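The values are calculated or read from the model by the stated rules, or taken from the named source; none is laboratory data. As the structure is a prediction and not an experimental result, all values here were calculated from the model. Cβ coordinates were reconstructed from backbone atoms using ideal geometry, including for glycine residues, and neighbour counts include every protein chain displayed. Keep in mind that these areas ignore ligands, DNA and RNA; they rest on the heavy atoms of the full protein, side chains included. Shrake-Rupley method; radii C 1.70, N 1.55, O 1.52, S 1.80 Å.
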Amino acid sequence: MDPLRSLTRLVRDLRRDVEAARERDPSALGVGRLELLAGWPGIQAVLAHRVAHALHLGGVPVLPRALAYTARALTGIEIHHAAQIGAGLFIDHGSGVVIGETAIIGEGVTLYQGVTLGGTGFETGKRHPTVQDNVTIGSGAKLLGPIEIGHGAKIGANSVVVRDVPPNSTVVGVPGHPVRIDGRRVEGPDTDWIHLPDPVADAMRALSARVAELERMVTELGGTPPASDPENVHPLRSVRGRNPAGG
Ligand SMILES: CC(C)(COP(=O)(O)OP(=O)(O)OC[C@H]1O[C@@H](n2cnc3c(N)ncnc32)[C@H](O)[C@@H]1OP(=O)(O)O)[C@@H](O)C(=O)NCCC(=O)NCCS
């Protein structure tokens, strides 16, 4: 990449990052640029990332990682040097934010403290979220896997999002589910995302009940009673103990 073009872009993006803090943080109103650079860890972390990312694109070894590491030590914000971040990113407060290697963030995005754009632990290649323009992600929200967060979406504080999010929607909860799309409340039978119907389990339960009934009839006719108790469908894996989903 042309170094002059990279530098021009870096400066332009940094200007927009500082402006973003002014626009979106009420406590930054009327604060000068220098004070913002000195006192806002979110701005410092993004600044360090922009430099580290430019060096990474330029093929410079070791230094990008060292810069990201130093920024993390100073600000508590961990941004992988390869993550692609658009202009105008504002990280409010910042501490505990983690942005993974293959994350892609559009323009005008706001993150609060404790946000994770992470992998689930299973994918290789593109394994972190893609966040489109003008998305707001509330404090403590975890966005996991190579999911797509549509432009203008709002993710509620402490949500855990593992599926794509439609544009202009509000997603809250664990697991994250849309409660508003284009400002309108999401209504209808599908609004309960936690207690989803499970037709396979229902069919197995019905079959199991029929087998039990047949066994009872066979026993009544003088046959041998079954050795085990077939009426209950036992889960294949213990509910307690180590969860193979891990991550
Ligand atoms: C999600 C959020 C962005 C609000 O978005 P919105 O589109 O204005 O949505 P509303 O406030 O109308 O809330 C929509 C519904 O989600 C619920 N909701 C909002 N935030 C929620 C959250 N974090 N967790 C669970 N439910 C939440 C509301 O109670 C409301 O429920 P209802 O449908 O029963 O009325 C906001 O609540 C939020 O979490 N912001 C993060 C702010 C933050 O992290 N601040 C840290 C500052 S240090």
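The charge dipole of the chain, taken about its Cα centre with unit charges on the Cβ atoms of Lys, Arg (+1), Asp and Glu (-1) only, comes to about 860 debye. Amide H contacts for residue 180 (H built 1.01 Å from N in the peptide plane; partners 5 or more residues away or on another chain; cut-off under 5 Å): 170, 186.
For residue 161, which sequence-distant residues (separation of 5 or more, or a different chain) have an amide H within less than 5 Å of its own amide H, given hydrogens modelled in the peptide plane? It is 142, 143, 144, 176, by chain and number. The residues packed around residue 108, meaning those with a beta-carbon under 15 Å from its beta-carbon, carry a net charge of -2 if Lys and Arg are +1 and Asp and Glu are -1. Taking the Cα centre of the range 1-105 as reference, the dipole from Cβ charges on Lys and Arg (+1) and Asp and Glu (-1) amounts to some 240 debye. The order of the peptides 151-161, 197-207 by mean Cβ neighbours within 10 Å, most packed first, is 151-161, 197-207. Across the range 54-59, rounded Karplus estimates of 3J(HN,Hα) from the backbone phi angles (6.51 cos²θ - 1.76 cosθ + 1.60, θ = phi - 60°) give 4, 5, 4, 5, x, x Hz, Gly and Pro being marked x. Under a 5 Å amide H cut-off, with hydrogens placed 1.01 Å from N, residue 127 pairs with 102 among residues at least 5 apart or on other chains. Report summary: the helix-based calculation at 222 nm, which adds -39500 (n - 2.57) for every DSSP H run with n ≥ 4 and divides by the residues of the chain, gives -11000 deg cm²/dmol. Ordered from highest to lowest accessible area with the whole protein assembly present and a 1.4 Å probe, 69, 112 read as 69, 112. Accessible area per residue was computed with a 1.4 Å probe on protein heavy atoms; residue 133 scores about 60 Å².
The angle between the Cα long axis of helix 63-75 and the longest principal axis of the Cα atoms of the chain comes to about 80 degrees, rounded to the nearest 10.
Under a GNM of the chain (C-alpha, springs under 10 Å), which listed residue has the highest mean-square fluctuation: 20, 66, 87? The residue that fluctuates most here is 66. Just checking the listed ones, 223, 39, 59: in the Gaussian network model of the chain with Cα springs under 10 Å, the one fluctuating most is 223.
Ranking 2, 164 from most to least accessible surface, computed with a 1.4 Å probe over the protein chains only, gives 164, 2. Taking 218, 46, 18 as the candidate residues, the one with maximal mean-square fluctuation in a Gaussian network model of the chain, Cα springs under 10 Å, is 218. Surface analysis of the range 26-146 yields an accessible area of 44 Å² per residue, using protein heavy atoms and a 1.4 Å probe.
In order along the range 198-208, phi translates into HN-Hα couplings of 10, x, 5, 4, 4, 5, 5, 4, 5, 4, 4 Hz, rounded to whole numbers, per the Karplus curve 6.51 cos²θ - 1.76 cosθ + 1.60 with θ = phi - 60° and x for Gly and Pro.
Using θ = phi - 60° in the Karplus curve 6.51 cos²θ - 1.76 cosθ + 1.60, the 3J(HN,Hα) couplings for the range 78-84 round to 10, 10, 5, 5, 8, 4, 9 Hz; x is entered for Gly and Pro.
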